[in-house]
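Worksheet: one structure, shown below.
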Amino acid sequence: MKIQSKISSRLTSKEEELMNFFWSKGALYVRELLDFYDEPKPHFNTLSTIVRGLEEKGFLGHKAFGNTYQYYVVITQDEYKSGALNSVVKKYFKDSYLGVVSSLIKQEQISLEELRKLIESVEKTSKK
């Protein structure tokens, strides 16, 4: 239950950018994050503030090594995606996944053929 409440926290675009580094690279020090940016690089203190905010939100944890911290992922990218999707479905589709699929079909974001393939895939998976 606790993870779900953390996942429902929305990430800003900068927070999501940093989380993508952690999700793809693993545990990192703030100074290592600077290496992923082109010039002009963000200020160390700016990145440090965002990382501490991510820790407060429950997305990151840290291990202390002397006076410095190495941060690591607490919530996986899949957990975050699932929580974000659940939040959108609840907020905009009255908690109805059928409403989501219906909207995708109406807006032609998914074809009937793609929907049939999806149903077949789900049926095969549920039979196993």
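Values in this text are rule-based calculations from the coordinates and carry no lab data. This one's a predicted model, so the numbers in the text were calculated from it and none came from an experiment. Virtual Cβ from ideal backbone geometry, glycine too; neighbours counted across all protein chains shown.
Taking region 96-121 on its own, how many of its residues are surrounded by 10 or more Cβ atoms within 10 Å (Cβ to Cβ) and among the acidic types (Asp, Glu)?
2
Of a type in the set (A, V, I, L, M) and closer than 30 Å to residue 118 by Cβ: is that true of residue 88 in this structure?
So residue 88 fits the description; yes.
Of all residues in region 75-128 being among the hydrophobic types (A, V, I, L, M, F, W, C) and touching a residue at least 40 places away in the same chain (Cβ under 8 Å), which is nearest to residue 11 (Cα to Cα)?
Going through the qualifying residues, I end up with 84.
So that you can scan it fast, the table gives a plain yes or no per residue for (1) of a type in the set (Ser, Thr, Tyr); (2) touching an Asp or Glu at 6+ places or on another chain (Cβ under 6 Å); (3) surrounded by 15 or more Cβ atoms within 10 Å (Cβ to Cβ):
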residue: 15; (1), (2), (3): no, no, yes
residue: 19; (1), (2), (3): no, no, yes
residue: 69; (1), (2), (3): yes, no, yes
residue: 81; (1), (2), (3): no, no, no
residue: 94; (1), (2), (3): no, no, no
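Within region 23-48, count every residue that is loosely packed, with under 12 Cβ neighbours inside 10 Å and either touching a Gly at 6+ places or on another chain (Cβ under 7 Å) or touching a residue at least 40 places away in the same chain (Cβ under 8 Å) (or both).
Final tally of qualifying residues: 1.
Hey, among 124, 41, which residue is basic (Lys, Arg) and under 28 Å from residue 17 (Cβ atoms)?
Answer to the check: 41.
Quick one: residue 74 ticks every box in (1) of a type in the set (Val, Ile, Thr); (2) exposed (fewer than 14 other Cβ atoms within 10 Å of the Cβ); (3) touching a Lys or Arg at 6+ places or on another chain (Cβ under 9 Å) bar one, so which box is it?
Here residue 74 clears every test but (2).
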